Amino acid sequence: MRKLIILFLLFSFSGIYSQQIVQTYTDRCTGATKVFTVQLGGSTVITFYDRSKVFTSAEFQNGALTNVVRTNLSILEELKSMFY
């Protein structure tokens with residue numbers, strides 16, 4: 001019985017640790033550093049002004065998030081130059 005309890009405890013705690021992708025950025029308006037994480041195999045929603053998109057952990061790794069952010073920033077810079 002004791003061995004059975006020990007085996008149960010070992011297997012019940014085996015799934016606690018997981019790998020994550022950590023993304024850090026600096027908010028251009030406030031200057032604050034922001035950090036968010038995504039579980040490997042998971043996903044998250046990123047909202048950039050009026051646009052939202054679900055990104056998977058694979059898209060974080062292959063650079064798709066970086067490309068979307070750069071595209072949105074260039075659009076905002078163009079709009080800003082039109083009004084200022």
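The values are calculated or read from the model by the stated rules, or taken from the named source; none is laboratory data. Since the structure is predicted, the reported quantities are computational estimates derived from the model, not experimental observations. So basically every Cβ, Gly included, is an ideal-geometry build from the backbone, and we count neighbours across all protein chains shown.
Here is the figure for region 33-68: residues that are touching a strand residue (DSSP E or B) at 6+ places or on another chain (Cβ under 7 Å), modelled with pLDDT of 80 or more and not in a helix (DSSP H, G or I) total 16.
Hey, among the residues in region 28-46 that are without any contact (Cβ under 8 Å) to a residue 12 or more places away in the chain and closer than 18 Å to SER74 by Cβ, which one's surrounded by the fewest Cβ atoms within 10 Å (Cβ to Cβ)?
For region 28-46, the residue satisfying everything is CYS29.
Taken over region 47-84, the residue count meeting the criterion of being surrounded by 13 or more Cβ atoms within 10 Å (Cβ to Cβ), in contact (Cβ under 8 Å) with a residue 40 or more places away in the chain and not aliphatic (A, V, I, L, M) is 0.
Restricting attention to region 47-62, the residues being among the β-branched types (Val, Ile, Thr) and within 18 Å of ILE75 (Cβ to Cβ) number 1.
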